[in-house]
Every structure is written in C-alpha cells, then in structure tokens.
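Have a look at the structure below, then the notes.
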Amino acid sequence: MSRPSHADCFDDAATYHHVNADVLRAIAWEESNNRPDARRTNTNGSVDYGLMQINSVHLEALARFGIGTDDLMVPCKSVYIAAWHLQRQMAKYGNTWAAIGAYHSATPALRDAYATRIAAKLNAIRDARENRR
C-alpha cells in the first residue's frame, strides 16, 4: 500500500489531537480508499465529504471553528478534522475499539462492525510497514 502525498498530515494531526496516526490511516482507507475527492450521500440524506468522509451531521459543530464543506474536501484539513472527531469519541468511550467504531456510528452493531474493519486495515498497515524493513 503506497502512502498518499498527504501522509505527513496523519502524523501531525494525530500528534496534535493525541490519537493514533495509523488508526487515522486505516480510517481513510476504509472510508474513501484514500481518495481525497470522495463524496457520498447516505440513505438518511446526510453526506460524507472528503478523504476521511466527515459526515454532514458534524457541520454545525465545525461551523463554530469556521469550517465548512469546502474545507472537508481539503485532504490535510480532513485528516485534522477526523483526528478531532476521533479524539471526541475517545473522550467519551476511552482509548477503546468502541471509540474507533464510534467514529462511524454510535449504533452498537454498526460501531462494532466498523471497529472490526478498522482493526483489519490497521493490521495490514502494520504488516506492510514490517515488510518494508
């Protein structure tokens, strides 16, 4: 798996928000297949934007920081926003798989399934890194 050109944003955002950079990388892989221009309309009418597929339900909270939908399509901003969102879930659930799953959904079944997918991607990222050594 090659690292996207915005790879350093993962490390910087993770450090700033005190989350794991590889978890952010796994989320980007799961959410958009590392595509910064990804956009998806969900069945409930909400929209996921950008590399990290930030959901429109967060727009009101993000607006307080001057962040709008155009910002969500900027890869590095998307990663920082995702790190902020993940950190909020960690504040609620602790440093757990539930927090990682809650990045996607608070519904337990969806949350747990998402966490399982992220765990698999995280293992693949770590395996790829080990194979490069």
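Details
- Filtered residues of segment 91-110 (kept if surrounded by fewer than 21 Cβ atoms within 10 Å (Cβ to Cβ) and either in contact with a His (Cβ under 8 Å, 6 or more places away or on another chain) or over 27 Å from Phe65 (Cβ atoms) (or both)): Trp97, Pro108, Ala109, Leu110
- Against the test of being on the phi > 0 side of the Ramachandran plot and polar (S, T, N, Q), the options Asn42, Asn20, Asn34 yield a single qualifying residue, Asn34.
- Within segment 20-41, considering residues that are under 21 Å from Val57 (Cβ atoms) and polar (S, T, N, Q), the one surrounded by the fewest Cβ atoms within 10 Å (Cβ to Cβ): Thr41
- The number of residues in segment 71-125 that are closer than 20 Å to Arg40 by Cα, of a type outside the set (A, V, I, L, M) and in a helix (DSSP H, G or I) comes to 11.
- Among the numbered conditions (1) more than 14 Å from Arg25 (Cα to Cα); (2) in contact (Cβ under 8 Å) with a residue 24 or more places away in the chain; (3) outside any helix (DSSP H, G or I), the only one that Leu51 does not meet is (1).
Quick note: the coordinates plus some simple rules give every number you see, no bench work behind them. For clarity, every value in this text was computed on a predicted model and none was experimentally measured. No Cβ is skipped: glycine too gets one built from the backbone with ideal geometry, and neighbour counts run over all protein chains shown.
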